Amino acid sequence: MTTEAAAEADPSPYAPFRIPDFRWYVLAIVAVTLATMIQGTIVGWQVYELTRDPLALGAIGLAEALPYIAFSLYAGHVADRHDRRTVAIIAVGVLSLTAIALVLLPRLMTANAPALVPAIFGVIVVSGVVRAFLLPARQALGAEIVPRAVFPKSVTWRSGAWQLAAVTGPAIGGLLYAIGGTALAYAVDAALCVVAMARLFAIRRAHREAAQLVGTPPTADFFAGVRFVFSDRILLGALSLDMFSVLFGGATALLPIYAAEILHVGPTGLGLLRSAPAAGAVVMSAVLAYAKPMARTGRVLLQSVAVFGVAIIVFGASTHVAVALAALTIGGAADMVSVFIRSTLLTTRTPPHLLGRVMAVNGIFVGSSNEIGAFESGVAARLFGTVASVVGGGVLTLGVVGVTAWRNPELRQLARIDSGRGPTS
């Protein structure tokens, strides 16, 4: 019996790990996520120390989001036309070079310190372009290396691995900064990218139903994923719900201000704050791995985003670190439920040859909204104050849930997620 057949026959939550390629893939996710989380934590702290400006923190998100959006559709096209593993390896390699650049910049620009912040932003722009190519290729590759029958189980472990790295990455970043400053943190960032490249190289087999795109007008092909998503109201509703909740409820960009000026916990405490949402997500991913299929998936999705909104409100109003950590942890657990449902819907409702382009659309809806949400948070913090910005974002998130439940009955009434094209009732 092949490893794929054994995985399909295994009813346990661990079935995907019977496939060696999936194990290498998960290890690559952990390594590259640790790297990006370390970098994100240190860049935020470094820029805030240099500028003391909340708008600069928001601008970090915008500097990454705009190139990400600009290149996403083309990147999805590339992921469907070319070997997804190769695309992911090249992207991670370039990410390692951005980490090395961040190590070198302060040393090369000692005579021109005012130009350091613009130079850091230049590296962030490059990272945004690279991420546009990495995410659709990596996400589609994850669906390519496992049989379709075990997609839901693999989604849980993929998301859980990402969240586990997201728990430890910011805390490790803060610790590395405390020990050796930015140089040590960015050097570890680069080394982890090399580890991720090695694990991606180890992947040998894939199960893609390759698209026959020869002779297809490229511009028409770029928008195939967009057309598919907008033709499916359940997918469109799930993606829109996540996009607006992250856009309004994204408090991550302002965590350096909370760490420095409200909670007074410094860079190490910043690492803990950034890790808290992922800690809740890891716990929830373990619960989801053993849970029975959801009977009312649409309602659970809406409820989870509502809990996320309430958690953001509590965090925004908190002045004690224990309350802040608890609120962020609960918000992360609720967000994990939303991530699991959305990811499962994407992989089970999308034809394999469209996965790269649909994942690119998912990145525009959800991935870039993190960065645009960071910019929105920075602007709101500048105009209304940090606490009002975060609390108001949580309130707007609750409003998004109400509008989605009202305007999208197909999503609200979604029952179990089938392994095929549509929902079951």
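The values are calculated or read from the model by the stated rules, or taken from the named source; none is laboratory data. Computed from a predicted model, the values in this text were never measured in an experiment. Neighbour counts run over all protein chains shown; Cβ positions are idealised from the backbone, glycine included.
Looking across segment 170-205 at every residue that is modelled with pLDDT under 85 and touching a helix residue (DSSP H, G or I) at 6+ places or on another chain (Cβ under 6 Å), the one that is nearest to residue 14 (Cα to Cα) is identified as 205.
For residue 134, the criteria (1) closer than 25 Å to residue 59 by Cα; (2) surrounded by fewer than 23 Cβ atoms within 10 Å (Cβ to Cβ) hold in every case but one, which is (2). Of the residues making up segment 275-305, those that are over 19 Å from the mean Cα position of the chain (by Cα) and either in a helix (DSSP H, G or I) or buried (at least 16 other Cβ atoms within 10 Å of the Cβ) (or both) number 10.
Taking the conditions exactly as written (touching a residue at least 60 places away in the same chain (Cβ under 8 Å), out of contact with any helix residue (DSSP H, G or I) (no Cβ under 7 Å at 6 or more places or on another chain) and either among the aliphatic types (A, V, I, L, M) or under 21 Å from residue 20 (Cβ atoms) (or both)), does residue 158 satisfy them or not? So residue 158 fails the test.
The C-beta contact set for segment 372-394 (first residue more than 19 Å from residue 308 (Cα to Cα) and in contact (Cβ under 8 Å) with a residue 24 or more places away in the chain, second residue in a helix (DSSP H, G or I) and among the hydroxyl-bearing types (Ser, Thr, Tyr), distance under 7 angstrom, 6+ apart or interchain) comprises 381/389. The C-beta contact set for segment 63-76 (first residue over 17 Å from residue 90 (Cβ atoms) and in contact (Cβ under 8 Å) with a residue 24 or more places away in the chain, second residue in a helix (DSSP H, G or I) and aliphatic (A, V, I, L, M), distance under 6 angstrom, 6+ apart or interchain) comprises 63/124; 63/125; 64/124; 65/372; 69/364; 73/360. Would you tally the residues in segment 2-36 being aliphatic (A, V, I, L, M), buried (at least 19 other Cβ atoms within 10 Å of the Cβ) and at pLDDT 90 or above? Number of matching residues: 8.
Taking segment 166-181 only, how many residues are buried (at least 20 other Cβ atoms within 10 Å of the Cβ) and farther than 21 Å from residue 135 by Cα? Number satisfying all stated conditions: 6.
Residue 328: in contact with a Pro (Cβ under 7 Å, 6 or more places away or on another chain) and in contact (Cβ under 8 Å) with a residue 24 or more places away in the chain, yes or no? Yes: the conditions hold for residue 328.
When 308, 340, 384 are checked against the criterion of being within 23 Å of residue 58 (Cα to Cα), among the aromatic types (Phe, Trp, Tyr) and surrounded by 18 or more Cβ atoms within 10 Å (Cβ to Cβ), 308 stands alone in meeting it. Counting only helices (runs of 4 or more DSSP H) that sit completely within segment 1-105, those holding 2 or more residues that are within 19 Å of residue 267 (Cβ to Cβ) and out of contact with any strand residue (DSSP E or B) (no Cβ under 9 Å at 6 or more places or on another chain) correspond to 20-51, 54-81. Could you say whether any residue in segment 404-413 is crowded, with 20+ Cβ neighbours inside 10 Å, at pLDDT 80 or above and under 23 Å from the mean Cα position of the chain (by Cα)? The answer is yes; a qualifying residue exists.
When residue 233 is tested against the conditions (1) touching a Gly at 6+ places or on another chain (Cβ under 9 Å); (2) of a type outside the set (A, V, I, L, M); (3) closer than 26 Å to residue 363 by Cβ, the lone failure is (1).
For residues in segment 217-261 being outside any helix (DSSP H, G or I) and more than 18 Å from the chain's Cα centre (by Cα), which is modelled with the highest pLDDT? So the residue we want is 232.
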